[in-house]
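Reviewing the structure listed below.
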Amino acid sequence: MEISFIGLGRMGWHMAGHLANRGHEVTVYDPNNLAAKTWCSTFSGTVSTTLARSCAKAEVVMTALPADSQLQQVWDTCFEHLAPGTIWVDHSTTSAQIARELSAKGKAQMVSFIDAPVSGGTVGAETGSLTIMGGGDETAWLKIQPIIECYASKTTWLGASGAGQLTKMANQICVAGIGQALAEGLAFAEREGLDTKQVLDVMRKGSSTSWMMENRSEAMLNSEYNFGFSSTLMKKDLGLVLQEAQQLGMPLPVTEVVAQLLDQLTTVADPSWDWCSLMEQQRQAHQKNES
Ligand code: NAD
């Protein structure tokens, strides 16, 4: 299958790599030329220097981009170059609205747009064990499902266009509170002078265990955040969630608080760091109260 993969960031790099390793003909594009060239020297594939060229021959176009605005820009540049029958699989986390709009525009030219946001973090992307939430035309979904299984252990079609993004929003609502609660629990254990390794060992077997605890607690205790899911992107996700909830007239009190904490985070943590750097804010808030 000829695949154009656009966006070789922390997630896309690995996902495109899995496709190449499974024998797909992959053409990659990223405005960061160095990333694209390094990808090509690591995996078997072709680098394209322009967006338009990257997707001209593709049967499937895949995107893993930061947000709505980058997706819209890439779509606007590529759309006229797509052949009828092309399936566009978007792995970015975006609004449900843009997924519905691009799906409707695509349909007019026999291009299927599938919203397919992912969960499982960079480790899931690297190990090929992501969870993928799909929305859009079901026939197109069934065609691409075996391809995305190259980097996913769970792939589910959830309904019409936008359903994948709405499911991802539900996921982010659930994880937001867990991340901040983990920061509070670990900072509390530190402050009480407990052996935090032992505390974690106990909690992992107890009722507070979670994906965040398994995958982030050690980084939080060691203050090592230069990896993973940036706080900039998490802030964007919670913004999307709060906008959608506002349209429903639904209050999300915990999500709102975590969004505010992420807003303040830039004063103590680099925005490119994983959002579990909320831990630093928790530590500093305590130190401020003490002085
Ligand atoms: P990233 O910032 O590491 O990568 C984004 C890539 O897109 C970069 O390589 C950038 O150069 C490229 N890009 C930016 N603008 C572009 C444009 N106009 N045209 C082409 N390429 C462009 O982000 P990421 O962490 O890989 O996340 C990608 C998407 O996946 C985001 O929507 C994010 O919310 C979602 N996501 C990330 C994680 C994670 O753990 N990192 C987990 C789940 C979902």
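Quick notes
- Of all residues making up segment 9-43, the number that are part of a helix (DSSP H, G or I) and not basic (Lys, Arg): 19
- Criterion (touching a Phe, Trp or Tyr at 6+ places or on another chain (Cβ under 9 Å) and either farther than 24 Å from Pro31 by Cα or free of Cβ contacts under 8 Å to residues at least 12 places away in the same chain (or both)) met by exactly one of Ala99, Ala108, Ala104: Ala104
- Residues of segment 264-291 satisfying the condition of being in contact with a Lys or Arg (Cβ under 8 Å, 6 or more places away or on another chain) and over 22 Å from Phe227 (Cβ atoms): His286
Here's the yes/no breakdown for (1) outside the structural domain of Ser119 (by TED's automatic domain parsing); (2) on the phi < 0 side of the Ramachandran plot; (3) not small (Gly, Ala, Ser):
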{"position": "Gly7", "(1), (2), (3)": "no, no, no"}
{"position": "Ala16", "(1), (2), (3)": "no, yes, no"}
{"position": "Ala20", "(1), (2), (3)": "no, yes, no"}
{"position": "Asn32", "(1), (2), (3)": "no, yes, yes"}
{"position": "Ser41", "(1), (2), (3)": "no, yes, no"}
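- Answer residue from segment 209-238, given it is more than 15 Å from the ligand (Cβ to nearest atom) and without any contact (Cβ under 8 Å) to a residue 24 or more places away in the chain and is farthest from Val118 (Cα to Cα) among those: Asn222
- For segment 13-50, a tally of residues being in contact (Cβ under 8 Å) with a residue 40 or more places away in the chain, under 22 Å from His81 (Cα atoms) and either crowded, with 23+ Cβ neighbours inside 10 Å or within 9 Å of the ligand (Cβ to nearest atom) (or both) returns 1.
- Qualifying positions in segment 132-152 - closer than 18 Å to Ser92 by Cα and surrounded by fewer than 17 Cβ atoms within 10 Å (Cβ to Cβ): Glu149
- Selection of segment 149-187 for residues being in contact (Cβ under 8 Å) with a residue 40 or more places away in the chain, β-branched (Val, Ile, Thr) and not in a helix (DSSP H, G or I) yields an empty set.
- Residues (over 16 Å from Val175 (Cβ atoms) and not polar (S, T, N, Q)) located in segment 107-131: Lys107, Ala108, Met110, Val111, Phe113, Ile114, Asp115, Ala116, Ala125, Glu126, Gly128
- Residues being within 20 Å of the chain's Cα centre (by Cα) and either assigned by TED's automatic domain parsing to the domain that holds Ser119 or part of a loop (DSSP other than H, G, I, E, B) (or both) - total across segment 190-223: 1
- Segment 243-264 - residue that is closer than 16 Å to Ile98 by Cα and within 16 Å of the ligand (Cβ to nearest atom) and, of those, surrounded by the most Cβ atoms within 10 Å (Cβ to Cβ): Glu244
- Some residue of segment 269-279 being away from the ligand (no atom under 15 Å from the Cβ), outside the structural domain of Val123 (by TED's automatic domain parsing) and outside any helix (DSSP H, G or I): yes
- In this structure, Ala140 qualifies as touching a residue at least 40 places away in the same chain (Cβ under 8 Å) and more than 18 Å from Met11 (Cβ to Cβ).
The values are calculated or read from the model by the stated rules, or taken from the named source; none is laboratory data. Keep in mind that what you see is a predicted model, and the values were worked out from it rather than measured. With ideal geometry, Cβ positions are generated from the backbone for all residues, glycine too; neighbour counts draw on all protein chains shown.
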